[in-house]
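> Here it is, the structure, as C-alpha cells.
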Amino acid sequence: MASTLWIGTRKGLFSLRPDARRRSWRLSGPQMLGHIIHHVVQDPREPRRLALAAKTGHLGPTVYISIDRGRHWQEAKSPPAFRKAEEGEKPRAVERVFWLTPGNPSEPGAWYAGSSPAGLFRSEDHGLHWLPVAGFNDHPMNPKWAAGLRTPDGELLHSVRVDPRNARHLYLAISIGGVFESTDGGADWAPLNEGVAADFLPDPKAAYGHDPHCVILHPQQPDRLYQQNHCGSYRLDRPATRWVRIGEHMPKNIGDIGFPIVAHPRDPDTVWVFPMDGSTVWPRTSIDGKPAVYRSRNAGRSWQRLAGGLPRAQAWFTVLRQAMCADEAPRVGLYFGTTQGEVWASIDEGKSWRCVARHLPEIYSLTYAS
Amino acid sequence: MITVRVPSPLRSYTAGAAQVSASGRTVAELLGDLERNHPGMRFRMIDEQERIRPHIRIFINQREVHALNEDLRSSDEVHLICALSGG
C-alpha cells in the first residue's frame with residue numbers, strides 16, 4: 001500500500017500519493033468539501049484506520065473514522081462533548097475538535113481528542129464513542145489552567161502525547177495554558193512548564209499560563225520531548241522537569257518562534273522547525289518573506305538553514321502547528337502545508353524543496369500515513 | 001406529524017431529504033424524534049448544554065424560538081435554518 005499525505009484544510013480533505021521514488025505526486029479529493037478539517041491521523045496500531053476532526057461553518061464539531069485507509073468515512077456516534085454543567089457551574093461546549101491522538105499500543109481502540117475550548121476526551125472504540133476525561137476537565141485547577149485565554153482560533157487543547165512504554169503516562173498542551181503531565185492515566189495532572197518563557201504574563205515564572213504551540217515526544221526515546229512555544233523552542237529530557245531553550249542557538253535575526261516542530265522518526269537528536277515572524281504585531285509569516293526550514297542534528301545545540309528550492313523573496317508563508325510532518329523513509333521525507341494552500345516536499349531531509357500541490361484551501365493539517 | 005424543513009448542511013442525515021416528518025409536543029421532543037430517525041443530527045444543532053448552536057436557528061412557522069421547551073402543534077411547520085457562518 002502506497003504512503004499518503006493527508007491534507008486537512010478549511011474547506012475539506014485532500015490527499016497526495018507519491019510514486020515509489022517520491023518524485024511525482026498525485027492529488028486526490030476533495031472529500032467532505034466544505035468541512036473544516038483540523039486534524040487527520042492514522043492509527044499506527046492498525047494502519048487501515050484513520051480518524052479526522054471536523055466541523056462545518058454552521059454545524060457542531062464531530063469526528064469521522066475510516067476503516068479502509070480513508071476511502072469511506074463514518075461519523076462518530078457520540079462525538080466529544082463536555083458533561084452537562086451542574087447548576088451554578090459555567091457551561092462548556094466543544095466548539096471544535098482540534099486534535100486527535102491514538103492511544104498506547106497496549107490499549108487497542110483507545111484514542112484521545114483535544115478540543116476548543118480546552119477539553120480532553122477519550123474513546124475506547126476507535127473513535128465511535130467519546131467520553132470526557134474527568135481527571136483533566138474537572139480537575140480542581142482546571143479553571144486556572146484553562147482560563148479561557150483564547151488564541152485567535154480559540155483556546156486549544158493539543159499535542160496529546162502517550163508514552164509508548166506506559167499507557168498511563170500522558171502529556172498534553174493548551175494554547176494558552178501550558179504543558180501538563182499525568183502519570184496515572186489521566187486521573188490527575190500537573191503543570192510541566194519550568195524553564196519556559198512566558199513574557200506575555202505578569203509573572204514570567206508562572207507555573208502555568210504558557211503558550212505551547214506544539215509538543216512532540218520522540219517515539220524511539222520517549223523521555224525526549226521538544227516544544228515549539230510562543231516564546232521559543234525547547235527540549236526536555238525526562239526525568240528532568242526544566243525545559244532547555246534550544247532556540248537560543250538559532251540565528252538572532254531569525255529567532256525561535258514558530259508553530260510546528262517535527263522529529264526525525266529514528267534519530268532523537270534531529271528536529272526541524274519552521275520559524276515565523278513573532279515580532280511587533282506577530283505577522284506569523286516566514287521571516288522577511290524568505291521561507292526556510294531549520295534543522296538541528298544535535299538536539300538543538302546548533303541549527304542549519306534549509307531553503308533550497310523555496311522562494312527566495314516575497315513568499316509570506318504561514319505553517320500551522322499540525323501542518324508539518326516527516327515520513328519514515330530511510331532518507332526521511334519532510335513536508336509542510338501553508339495557509340495559502342501549497343504543499344512543499346523534501347525527500348532529502350529538508351535540504352531541497354519542491355512544491356507538490358498548490359491552489360488548495362487554507363491548510364490546517366498535514367499528516368503522513370504509511 | 002410535524003413537517004420539518006431541513007437545510008442542506010443537515011441533509012446528509014436525512015438521506016438528502018429537504019423535508020421530513022417528526023413528532024413531539026415541544027421542540028425538545030421533536031429534536032429527540034429527529035435524532036431517533038436521523039442519528040447524529042441533533043448534536044450538530046444543539047450542544048451538550050442543550051443550547052442551540054451559534055449558527056443554527058429554529059423557527060416554528062414564521063416565529064424564531066430560542067428555547068427547546070417551546071410547545072408545538074401538529075399543524076406547525078418547523079424550519080431548521082443554518083445562519084450565516086462566514087466565508
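Throughout, read-outs are computed from the coordinates displayed, never taken from laboratory work. None of the values given here were measured: they were computed from a predicted structure. No Cβ is skipped: glycine too gets one built from the backbone with ideal geometry, and neighbour counts run over all protein chains shown.
> Tell me, which residue of segment A:196-242 that is of a type in the set (Val, Ile, Thr) and within 21 Å of the chain's Cα centre (by Cα) is surrounded by the most Cβ atoms within 10 Å (Cβ to Cβ)?
A:Val196
> Give, as residue ranges, the strands (runs of 3 or more DSSP E) completely inside segment A:76-125 that count at least 2 residues that are buried (at least 18 other Cβ atoms within 10 Å of the Cβ) and of a type in the set (Ser, Thr, Tyr).
Here the list reads A:111-116.
> Can you tell me which residues in segment A:290-305 are assigned to a loop (DSSP other than H, G, I, E, B), of a type in the set (D, E, K, R) and out of contact with any helix residue (DSSP H, G or I) (no Cβ under 9 Å at 6 or more places or on another chain)?
Result: A:Lys290, A:Arg297.
> Here is a further query. Give the residues of segment B:38-60 that are touching a helix residue (DSSP H, G or I) at 6+ places or on another chain (Cβ under 9 Å) and free of Cβ contacts under 8 Å to residues at least 24 places away in the same chain, sorted by residue number.
B:Arg42, B:Phe43, B:Ile46, B:Glu50, B:Ile52, B:Arg53
> Does segment A:76-89 hold any residues that are in contact (Cβ under 8 Å) with a residue 12 or more places away in the chain and either within 7 Å of chain B (Cβ to nearest Cβ) or among the charged types (D, E, K, R) (or both), and which are they?
A:Lys77, A:Pro79, A:Ala81, A:Phe82, A:Arg83
> Next up: Identify, please: which residue in segment A:44-75 is in a loop (DSSP other than H, G, I, E, B) and closer than 24 Å to B:Ile58 by Cβ and is, among those, farthest from the other protein chains (Cβ to nearest Cβ)?
A:Pro61
> Please verify whether segment A:11-21 includes one or more residues that are within 11 Å of chain B (Cβ to nearest Cβ) and within 24 Å of A:Leu156 (Cβ to Cβ).
yes
> I'm told A:Gly135 meets every condition in (1) part of a loop (DSSP other than H, G, I, E, B); (2) out of contact with any Phe, Trp or Tyr (no Cβ under 6 Å at 6 or more places or on another chain) except one. Can you identify the failing condition by its number?
With (1) part of a loop (DSSP other than H, G, I, E, B); (2) out of contact with any Phe, Trp or Tyr (no Cβ under 6 Å at 6 or more places or on another chain) applied to A:Gly135, the lone miss is (1).
> Another question, if that's okay. Across segment A:177-195, what is the number of residues that are buried (at least 23 other Cβ atoms within 10 Å of the Cβ) and either outside any loop (DSSP other than H, G, I, E, B) or among the basic types (Lys, Arg) (or both)?
Residues meeting the conditions: 4.
> So which strands (runs of 3 or more DSSP E) are wholly in segment A:318-367 and hold at least 1 residues that are within 15 Å of the chain's Cα centre (by Cα)?
Qualifying strands (runs of 3 or more DSSP E): A:324-326, A:334-337.
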